[in-house]
Amino acid sequence: MSNRVVGQSVPKIDAATKVRGQRKFPQDFNMKGQLYAKVVWSEYPHARVLKIDVSPAEALPGVVAILTSKDVPVNEYGINIVDQPVLVGEGEKVRWLGDRIAIVIGESEKIAQEARQLVRVEYEPLPVVSDPREAMKPGAPLIHEERGDSNILKHVKIRKGDIEKGFAEADVVIEKYYLTPHVEHAYMQPEAGVGYIDEKGRVTVIAAAQWSHDDLHQISHMLDLPLDQVREIVPAIGGAFGGREDMYIQHLLALCAYCVRRPVKMVFDREESIRNTGKRHPYYMKYRTGATRDGKLTAVEIELISDAGGYASTSIPVLNNAASFAAGPYVVPHAKVDAYTVYTNNAVTMAMRGFGSTQPAFAYEMQMNKLAEALGVDPVELRMKNLLEDGSIALTGNPMPKGVGIKETLRQAALGAGWREEGDQWIKPDLGTPSAPYRRRGIGVACGYKNVGYSFGFDDKSKVIVELALDESGEVARALVKLGASDQGMGAHTALAQIAAEALGIDYEKVRVALVDTSVVPNGGSCSASRHVYMSGNAIIRACQEAVRKRQEALRTGERRVSVEYEYHGRSVRPTTPYDDENGMCDPHISYGYTSQIALVEVDVETGQTEVLKFLAAQDVGKAINPEMVKGQAGGGVHMGLGYALTEEFIQKEGLVKTRRFSEYHIPTVADMPREFIPFIVEVPDPTGPFGAKGVGEMTTLPTAPAIISAIHDAVGVWIDNLPATAEKVWWKMREKAGMA
Amino acid sequence: MPTLKMILNGQEVFVDVEAGDLLADVLRDKLGLIGTKISCGEGECGACAVLVDGRAVDSCLYPALKAQGREVTTIEGLGQDNRLDPIQQAFIDKTAPQCGYCIPGMVISAKALLDENPHPTRQEIEEGISGNLCRCTGYYQIIEAIELAAERLAEKGGPK
Amino acid sequence: MWDEYLFPASLDEALEMLEAHGGEARIIAGGTDLVLQSQRGQCSAKVMVDITRIPGLDYIEERDGLIYIGAQVTHGQVAASPLIRSRAGVLAQGCGSVGGPQIRNVGTLVGNVVNALPAADGAIALFALDAEVEVAERAGRHWTPIATLYAGVGLCTVDPCAAMITQLRFRALGKGEAGAFERLAKRRALVLPILNAAAIVGLKGNKVERARIAIGPVAQTPFVAAEAAEALVGRTPDEDRISRVAQLAAQAAQPRDSLLRGSAEYRKVMAGVLVRRALWRAVEAASLQEGEDANS
């Protein structure tokens, strides 16, 4: 049976209002009588607050209130571990620059802005810990004294097989150290919103959020209010990429509304957004990989250290993920992984596209390409010998569930790039002539895989309500899908509406997806882990099937409305388990997406600059619900990966941020993107996914950096093991190689 | 308080402004035209782009009074009646908007480009939107949308 | 931000306005830098005197072999001007590298000079062209070499609260002459340079008759590598000679370590690379020019 709507590139559900500029983002909301709030941010990455003097600010005409820690009913929050103060009070510590001392509320934005300059804060600076490797050592200054005598938040260990035996079997061993940096999410819409008390007396927040129902729990805890006394509304979100999974403005808006009982608007400018919100975790990664002469992996030994910054955020779940993916999408019989995440006084680090699968992807793919070089084997061929298949035993001892499409992604990308397949052999294409005598060409390959849905025994679930309105003849006139699934822009609502239309057998245009308002929609789980198509899609299909049955009843009774609520649990089909404490064995993830990418670059041998000429990106999404949206995820993922590889440098010195603006933090412009971009959609179905679908949002970033960096090596013979490969870094490496440095 | 008079999206408007107001703030806060977005606040992203006498400018860096007597076009001024401008339609057809926050600025830059150069090469399209940042798309579908709009406009006999 | 925004109808009125406010008023043209400076507390003027509506300051024209550019001319207009592209291509290239299209549509070349930054792409090209600027004060107008305007990073000797620059001029490149602009930056568009260089070469036969090289930011002000350029004059501009001249220019450049731009050592070597490439392109273009009448 062919699908009518699923698999079609229907127009996005919100596209028309977005191209007209009518779609409202959080900063576009204004309420009658609203006040304006500004935050007094910490001036130190680590210090004790001695004294806060708000009196000069209070004296300014038009200042309505200045909130300090005393105004917060329960002054703590945190998405995973409750270790963050909402506002830091006298005698307490700031642990990074993004800590808040006070919130100034005034009659106008100008007044609030002026008043915040007048708040006087005295600090006692404390030693700053800015390298997690130093922070791990006994005796390092403690960031969270209340949490024991170490800055180490978590240590994950995996012991598979016999590592000694594995290395004894190896003919070649590659041992290297890699470093991936902080990354700013750089969503185009800075944090903003309005807090107010709604007509039912509920503390209500309008803001961009990735998991509004979890925000509610945190806000209700902070305000010591029952859950039904708080509410969050999520309008259009101007990008998120993981960066809105934690609260950076939602709780502050709630606090303002709670304290002053009037609508309060708050908008961060770009500098506030960069300085004071979370980043991608830097990972320090030590890899030792062994393989036989004929290219079979025998063992890996890995140490991962991640910089959690001043507060935990999701550093532990990110670490869990990183460890489980540390060996890459390969069969490795013997493995040892030790992974740590550590508090420092750097920027808080959190979810960002890939959630811990991105950083090790750089290291394991660099290892594979170095191994290929050491063995004198083509990098595609080496991978083909080791890639996972259905039922392969993964790093954590579990068999891979059906639908492993990684080999197909690599095959398509490699053939697309001009590789020739001759039996088991793969032969690299001719790269053509460089565009200038001082330029060299190179090509690089990388793979990656990423979980879909929450992992390690967490009960991932999505609840949905499907409502049908029937016309006179009993046909479905309209279907409304209600669920708390934020659409940060990737098109979740469009894909879910397509799935609903398909399952109901109605036209896509008849389906509406409700605005995310926690007072109306049930908890769909976060918009993260590439999970909504799979999790919420599964929930919607089942709800729609039930709605179709109920419609038959309605046709008999003459009822014109049908309503069904359904909650889908990932574990009902694919149960996951947490790490075993001793050996780390587990069945970590529900489902997986797979990807392979190939980069053709030119490197300027005199300046070290890299230009990406051509890029091929193959992603196995199981089933493309909307192929153009899948291509959009590929383009966006590669953009982020290219920034990771070449242009983006978030610079901190002793916990202080040096790249504070878009003029200093350089995300790729259109001119930086590969001239030619060729996406491939691979569809190896996951039998448990809706129409076979998996997920796509995150994995498209994983192989980009290692593919580009390996292409640079192919071009000029140097390996850049710490990102990004700026022109200067490549130049120094080339000089070193030439024996001049 | 000075009065700014401009032809805004084809209509003459009068609005009282402070001497130090920037055009973006006047459009958004005083005139309720929220389609003009503010993202970087320093002319580094193009989200706030509007047309002044047909040229794209970053309204977050543009003193409001500079628009005195000028023709200003914001995203809300594109298209006619309820019909979308062909550029807007092409953006929909090519799945160009993701989060959509950069899109009004992108459409404005595309409009400025195609009005001046109805048959741009791909390179010229890239130059035309090189002052507009997008974090979601990788720009490819935006480029395709502008190519499609140019094609369709050519069939209809040029822009406007 | 400022409290008053004025549109003088003439140059004299602009200068009167400045005088009337006794240092509290200053000239604004495009304002793309000034708005940020004002927001960041780096410009305290309370009155803005906007010169973009004074009639007669919007020209790009050639008179008696000199090209004149009025104070209202934007980077975009310079970059697109057929006259500049054919007779001072180096300036078109420099102006075309500034910011993005929206910034180039508003920001003026004269403003780029007044800001006195050693990295300004337009100014570097003007230094290579050996431009002069016309300063207008209440006392009168006078021409001065562009270099005399620069007193340090961001420090212009023309006080925008008392005077203004009305126009620029430089000799149009003629037969056997050409220039080229090179730039190195953290990405390929919408970004300040970590280094830029402009070169002008005039050929007669197979010998260099005239050469000029400007580099930024390798000093407090745009840097003219005069000795290096001198080493090219009278010589055949072959690969070897150009490399040696570029070396000399790099040796004379004094870039500093910069967290955002890169190490001094790298940028010093890169100065040589950029100068060599700019010279080479200029020589190639000049040889082509030499065969034809550049004024056609």
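The values are calculated or read from the model by the stated rules, or taken from the named source; none is laboratory data. These figures come from a predicted structure and were not determined experimentally. Cβ atoms come from the backbone with ideal geometry, glycine included; neighbour counts cover every protein chain shown. Please note that ligands, DNA and RNA were not included when accessible areas were found on the heavy atoms of the full protein model with its side chains. Shrake-Rupley method; radii C 1.70, N 1.55, O 1.52, S 1.80 Å.
Look at (1) under 22 Å from the mean Cα position of the chain (by Cα); (2) over 24 Å from residue A:415 (Cα atoms); (3) polar (S, T, N, Q) and you find that residue A:700 fails only one, number (2).
Candidates C:88, C:80: the one that is within 27 Å of residue C:181 (Cα to Cα), free of Cβ contacts under 8 Å to residues at least 24 places away in the same chain and small (Gly, Ala, Ser) is C:80.
Please pick out the residue among B:155, B:144 that is more than 13 Å from chain C (Cβ to nearest Cβ), open to solvent by 40 Å² or more (accessible area, probe 1.4 Å) and in contact (Cβ under 8 Å) with a residue 24 or more places away in the chain.
Details: B:155 fails: in contact (Cβ under 8 Å) with a residue 24 or more places away in the chain.
Of B:155, B:144, the one residue that is more than 13 Å from chain C (Cβ to nearest Cβ), open to solvent by 40 Å² or more (accessible area, probe 1.4 Å) and in contact (Cβ under 8 Å) with a residue 24 or more places away in the chain is B:144.
Within the stretch A:620-634, how many residues turn out to be away from chain B (no Cβ under 13 Å) and open to solvent by less than 20 Å² (accessible area, probe 1.4 Å)? The total comes to 3. The number of residues in the stretch A:699-718 being within 14 Å of chain B (Cβ to nearest Cβ) and assigned to a loop (DSSP other than H, G, I, E, B) comes to 0.
Here residue A:377 meets the list (1) of a type in the set (A, V, I, L, M); (2) closer than 23 Å to residue A:719 by Cβ; (3) buried (at least 24 other Cβ atoms within 10 Å of the Cβ) almost entirely, failing just condition (3).
Checking each residue of the stretch C:12-23 against the condition of being open to solvent by 10 Å² or more (accessible area, probe 1.4 Å) and within 11 Å of another protein chain (Cβ to nearest Cβ) gives no match. Evaluate the stretch A:566-580: report whether one residue or more is touching a helix residue (DSSP H, G or I) at 6+ places or on another chain (Cβ under 8 Å) and farther than 18 Å from residue A:451 by Cα. So far as the stretch A:566-580 goes, yes, one or more of its residues are touching a helix residue (DSSP H, G or I) at 6+ places or on another chain (Cβ under 8 Å) and farther than 18 Å from residue A:451 by Cα. A count restricted to the stretch C:179-209 and to residues that are away from chain A (no Cβ under 14 Å), open to solvent by 10 Å² or more (accessible area, probe 1.4 Å) and among the small types (Gly, Ala, Ser) stands at 2.
For every residue, the table says whether it meets (1) within 26 Å of residue C:23 (Cα to Cα); (2) open to solvent by 10 Å² or more (accessible area, probe 1.4 Å).
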{"residue": "C:109", "(1), (2)": "yes, no"}
{"residue": "C:126", "(1), (2)": "no, no"}
{"residue": "C:130", "(1), (2)": "no, yes"}
{"residue": "C:137", "(1), (2)": "yes, yes"}
{"residue": "C:140", "(1), (2)": "yes, yes"}
{"residue": "C:166", "(1), (2)": "yes, no"}
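For residue C:225, the stated conditions do not hold, so it cannot be described as crowded, with 24+ Cβ neighbours inside 10 Å, in contact with a strand residue (DSSP E or B) (Cβ under 9 Å, 6 or more places away or on another chain), within 14 Å of chain A (Cβ to nearest Cβ) and at pLDDT 95 or above. Considering every residue within the stretch A:177-190, establish whether at least one is surrounded by fewer than 18 Cβ atoms within 10 Å (Cβ to Cβ), closer than 30 Å to residue A:580 by Cα and in contact (Cβ under 8 Å) with a residue 12 or more places away in the chain. Checking the stretch A:177-190: at least one residue is surrounded by fewer than 18 Cβ atoms within 10 Å (Cβ to Cβ), closer than 30 Å to residue A:580 by Cα and in contact (Cβ under 8 Å) with a residue 12 or more places away in the chain.
Just the residues that are surrounded by fewer than 18 Cβ atoms within 10 Å (Cβ to Cβ) and out of contact with any strand residue (DSSP E or B) (no Cβ under 9 Å at 6 or more places or on another chain), please, taken from the stretch A:468-506.
Initial filter on the stretch A:468-506 (surrounded by fewer than 18 Cβ atoms within 10 Å (Cβ to Cβ)): A:469, A:471-475, A:477-478, A:480, A:505.
Residues satisfying the conditions are A:472, A:473, A:474, A:475.
Each residue in the stretch A:277-310 was checked for being surrounded by fewer than 22 Cβ atoms within 10 Å (Cβ to Cβ) and at negative phi, and 9 of them qualify. Could we say that residue C:84 is in the same structural domain as residue C:165 (by TED's automatic domain parsing), open to solvent by less than 10 Å² (accessible area, probe 1.4 Å) and at pLDDT 95 or above here? It is true that residue C:84 is in the same structural domain as residue C:165 (by TED's automatic domain parsing), open to solvent by less than 10 Å² (accessible area, probe 1.4 Å) and at pLDDT 95 or above. Restrict the check to the stretch A:77-99 and report whether at least one residue is in a helix (DSSP H, G or I) and surrounded by fewer than 21 Cβ atoms within 10 Å (Cβ to Cβ). Checking the stretch A:77-99: not a single residue is in a helix (DSSP H, G or I) and surrounded by fewer than 21 Cβ atoms within 10 Å (Cβ to Cβ).
Exactly one residue among C:282, C:286 is away from every other protein chain (no Cβ under 14 Å), modelled with pLDDT of 95 or more, in contact with a Leu (Cβ under 6 Å, 6 or more places away or on another chain) and within 21 Å of residue A:436 (Cα to Cα), and that residue is C:286. A Cβ distance below 9 Å, combined with a sequence gap of six or more or placement on separate chains, defines the contacts here; from the stretch C:236-265, residues that are loosely packed, with under 15 Cβ neighbours inside 10 Å reach no residue that is assigned to a loop (DSSP other than H, G, I, E, B) and aromatic (Phe, Trp, Tyr).
Name every residue in the stretch B:1-50 that is among the acidic types (Asp, Glu) and either in contact with a Pro (Cβ under 6 Å, 6 or more places away or on another chain) or more than 10 Å from chain A (Cβ to nearest Cβ) (or both), in order of residue number. Give the steps one after another, and end with the answer.
Going residue by residue through the stretch B:1-50, those that are among the acidic types (Asp, Glu) are B:12, B:16, B:18, B:21, B:25, B:29, B:42, B:44.
Scanning the stretch B:1-50 gives B:12, B:16, B:21.
The rows are residues; the columns are (1) facing chain B (nearest Cβ under 9 Å); (2) in a loop (DSSP other than H, G, I, E, B); (3) open to solvent by less than 30 Å² (accessible area, probe 1.4 Å).
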| residue | (1), (2), (3) |
| --- | --- |
| A:636 | yes, no, yes |
| A:650 | no, yes, yes |
| A:668 | yes, yes, yes |
| A:671 | yes, no, yes |
| A:684 | no, yes, no |
| A:697 | no, yes, yes |
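Tell me, please, whether a residue that is of a type in the set (S, T, N, Q), open to solvent by 10 Å² or more (accessible area, probe 1.4 Å) and more than 10 Å from chain A (Cβ to nearest Cβ) can be found in the stretch B:56-74. Before you say what the answer is, go through the steps one by one.
Taking the stretch B:56-74 as the starting set, the residues that turn out to be of a type in the set (S, T, N, Q) are B:59, B:68, B:73-74.
Filter once more, so that each one left must be open to solvent by 10 Å² or more (accessible area, probe 1.4 Å): B:68, B:73.
Now drop any that are not more than 10 Å from chain A (Cβ to nearest Cβ), which leaves B:68, B:73.
So far as the stretch B:56-74 goes, yes, one or more of its residues are of a type in the set (S, T, N, Q), open to solvent by 10 Å² or more (accessible area, probe 1.4 Å) and more than 10 Å from chain A (Cβ to nearest Cβ).
Only one entry of A:70, A:38, A:24 meets the criterion of being more than 14 Å from chain B (Cβ to nearest Cβ) and either at pLDDT below 95 or open to solvent by 50 Å² or more (accessible area, probe 1.4 Å) (or both), and that entry is A:70. Tell me yes or no: at least one residue of the stretch A:556-568 is open to solvent by less than 20 Å² (accessible area, probe 1.4 Å) and not hydrophobic (A, V, I, L, M, F, W, C). Yes: one or more hits. Could we say that residue A:56 is touching a Phe, Trp or Tyr at 6+ places or on another chain (Cβ under 9 Å) and farther than 30 Å from residue B:105 by Cα here? When the stated conditions are applied, residue A:56 does not pass them.
For residue B:12, are the conditions met, namely being under 16 Å from the mean Cα position of the chain (by Cα), open to solvent by 30 Å² or more (accessible area, probe 1.4 Å), outside the structural domain of residue B:128 (by TED's automatic domain parsing) and over 23 Å from residue A:238 (Cβ atoms)? No: the conditions fail for residue B:12.
The C-beta contact set for the stretch A:603-620 (first residue basic (Lys, Arg), second residue open to solvent by 10 Å² or more (accessible area, probe 1.4 Å), distance under 7 angstrom, 6+ apart or interchain) comprises A:614/A:600; A:614/A:675; A:614/A:676. Of all residues in the stretch B:75-110, those satisfying the criterion of being of a type in the set (S, T, N, Q) and crowded, with 24+ Cβ neighbours inside 10 Å are B:88, B:95, B:98, B:109.
When you scan the stretch A:719-727, do you find a residue that is within 14 Å of chain B (Cβ to nearest Cβ) and over 18 Å from the mean Cα position of the chain (by Cα), even just one? Quick ask: steps written out before the conclusion?
Initial filter on the stretch A:719-727 (within 14 Å of chain B (Cβ to nearest Cβ)): none.
No, every residue in the stretch A:719-727 fails to be within 14 Å of chain B (Cβ to nearest Cβ) and over 18 Å from the mean Cα position of the chain (by Cα).
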